[in-house]
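Below is one structure; the comments refer to it alone.
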Amino acid sequence: MKFSDEELELAQLFKAFGLPWTPACGHYLLDQSELIECESPFQDRVFFILDLKHFLRRSGTLEQLKERVCWLPDWHDAREILKQLEVGSCEIAKHLASTQAIESGTERLELYRLIEQRLTGDLGL
């Protein structure tokens, strides 16, 4: 899995806006504080939580882990976030079609952009 630079920036914005997240197995994260000493198998500083205990041994607590890393929602996570933010499926489909996201392979990025728009109040849907 590769995240674009814009997705990494938007995920950090989500964190700054206080988007709720509970670290769990199956989540991707950006390790901004070099918590993990080994090289990433994905891209620089991007890791996948396969064993949450491994990350907690390094961070101490769940809260400290959340402070030191940034969650990178996958496609399913992004859709769930939009659902919680009350962005309807029709709005999402319209946006994805208008940006040709599926054809260009930028669907997750466009979902991130929709999340940003909802969080910042820029609802130019």
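Bear in mind that the values in this text are calculations on the coordinates, not laboratory data. Predicted model, so just to flag it, every value in this text is computed and none were measured. Positions of Cβ are generated from backbone atoms using ideal geometry, with glycine treated the same way; all protein chains shown enter the neighbour counts.
When only Cα pairs under 8 Å and 6 or more residues apart are kept, what is the percent relative contact order across the chain? Can you show the working numbers first?
Numbers: 131 pairs, mean separation 36.0, N = 125.
Once normalised by length, the contact order is 29 percent.
Could you order peptides 114-121, 54-61 by the average number of other Cβ atoms within 10 Å of their residues, highest first?
Details: 114-121: 16.6, 54-61: 13.9.
Packing order, densest peptide first, comes out as 114-121, 54-61.
Which listed residue (Gly88, Gln100, Ala78) has the Cα farthest towards the positive end of the charge dipole for segment 74-120, taking +1 on Lys and Arg C-beta and -1 on Asp and Glu C-beta about the Cα centre?
Farthest towards the positive end: Gly88.
So, in Å, what gap is there between the alpha-carbon centers of segment 64-87 and segment 10-57?
If we compute the Cα centre of each part, the gap is 12 Å.
Just subtract the alpha-carbon distance of Leu85 and Ser98 from 0.36 nm times their residue separation and send over the number in nm, one decimal.
Working: separation 13, 0.36 × 13 = 4.68 nm, distance 2.06 nm.
Working it through step by step, the gained length comes to 2.6 nm.
Let me know the shape class of segment 1-72, please: from the alpha-carbon gyration tensor, a ≥ b ≥ c as square roots of the eigenvalues, rounded when a/c is under 1.5, otherwise prolate if a/b is greater than b/c, or oblate. List each step's numbers first, then the result.
Values: a/c = 1.66, a/b = 1.13, b/c = 1.46.
Because a/c hits 1.5 or more and a/b fails to exceed b/c, segment 1-72 counts as oblate.
For the chain, what does -39500 (n - 2.57) per DSSP helix run (n ≥ 4), summed and divided by total residues, give at 222 nm, in deg cm²/dmol to the nearest 500?
Working: 7 runs with 65 residues, N = 125.
Roughly -15000 deg cm²/dmol at 222 nm, from the helical runs in the chain.
What net charge do the residues around Trp21 carry, taking every other residue with its C-beta under 14 Å from that of Trp21, with Lys and Arg at +1 and Asp and Glu at -1?
Values: positive: Lys15, Lys66, Arg68; negative: Glu63, Glu67, Asp74, Asp77, Glu80.
So the environment of Trp21 carries a net charge of -2.
With a ≥ b ≥ c taken as the square roots of the eigenvalues of the C-alpha gyration tensor of the chain, please select rounded if a/c is under 1.5 and otherwise prolate if a/b is larger than b/c or oblate if it is not? Numbers along the way, then the final one.
Working: a/c = 2.34, a/b = 1.78, b/c = 1.31.
Prolate shape, in that a/c is at least 1.5 and a/b is the bigger ratio.
What ranking do 1-9, 68-76 get when scored by the average of other Cβ atoms within 10 Å per residue, highest first? Could the numbers behind the result be given before it?
Details: 1-9: 13.8, 68-76: 19.6.
Highest-to-lowest ranking by the protection proxy: 68-76, 1-9.
Could you work out the local net charge near Gln43, counting Lys and Arg as +1, Asp and Glu as -1, over the other residues with Cβ closer than 13 Å to its Cβ? Write down the numbers at each step before the final one.
Numbers: positive: Lys2, Arg45; negative: Asp5, Glu7, Asp31, Glu39, Asp44.
Its environment carries a net charge of -3.
Just to be sure I understand the rule: take each whole DSSP H helix in the chain, project its Cα atoms onto its long axis, keep it if the span is 15 Å or more and its mean Kyte-Doolittle hydropathy is at least -0.5. Which ones pass?
Working: long enough: 5-16 (17 Å, -0.30); 107-120 (20 Å, -0.70).
Those that clear 15 Å and a mean of -0.5 are 5-16.
To make sure I understand the rule: partners must be aspartates and glutamates, Cα under 18 Å from the Cα of Lys83, and not fewer than 8 residues away in the same chain. Which ones qualify?
Asp74, Glu91, Glu107, Glu110, Glu116, Asp122
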